[in-house]
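The values are calculated or read from the model by the stated rules, or taken from the named source; none is laboratory data. Here the structure is a predicted model, which means the values were calculated and not measured. Every residue, glycine among them, receives a Cβ derived from its backbone with ideal geometry; neighbour counts consider all protein chains shown.
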Amino acid sequence: MQINISTRHGHLSEQTRAKVTEKLEKLARFYDRLGIIEVTIDLEHRETPSVDLKVSVKHKDFVATSRAEELMTLIDQAVDKMEHQLRRHKEKVQGRHRNTVPRQQVSPVRPEPKNQ
């Protein structure tokens, strides 16, 4: 799992980046085949920053966005949205495999020998 954190219109301290990375690493609990996690934090409007969270899973991308006054609240909201999406996707994938009926082996019917 690779995590890319980028910012627009500002900078994040190393402490903040470490906290964000720690929160994002928890997403692996919900889906074990995560590819790349991309986070873009937009600090253009300092009073209400926004975040775009994109998670790539095999053949599918999930996106969560959030806007809040506090940066860590913002990250928590986006991670919660992503957890929900990953949980639903995992249930959907597992449901497909559980609901399929395996093919039954049909043996050719042989007539019983007649006793004479």
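What to note about this one:
- All positions within segment 1-32 that are loosely packed, with under 12 Cβ neighbours inside 10 Å and part of a loop (DSSP other than H, G, I, E, B): His9, Gly10, His11, Ser13, Asp32
- Residue check for Leu86: assigned to a helix (DSSP H, G or I), hydrophobic (A, V, I, L, M, F, W, C) and surrounded by 13 or more Cβ atoms within 10 Å (Cβ to Cβ): yes
- Residues that are within 21 Å of Arg67 (Cβ to Cβ) and either of a type in the set (D, E, K, R) or surrounded by 13 or more Cβ atoms within 10 Å (Cβ to Cβ) (or both), drawn from segment 33-47: Ile37, Glu38, Val39, Thr40, Ile41, Asp42, Leu43, Glu44, Arg46, Glu47
- Hey, Ser50 more than 18 Å from Met1 (Cα to Cα) and either modelled with pLDDT of 95 or more or touching an Asp or Glu at 6+ places or on another chain (Cβ under 6 Å) (or both) or not: yes
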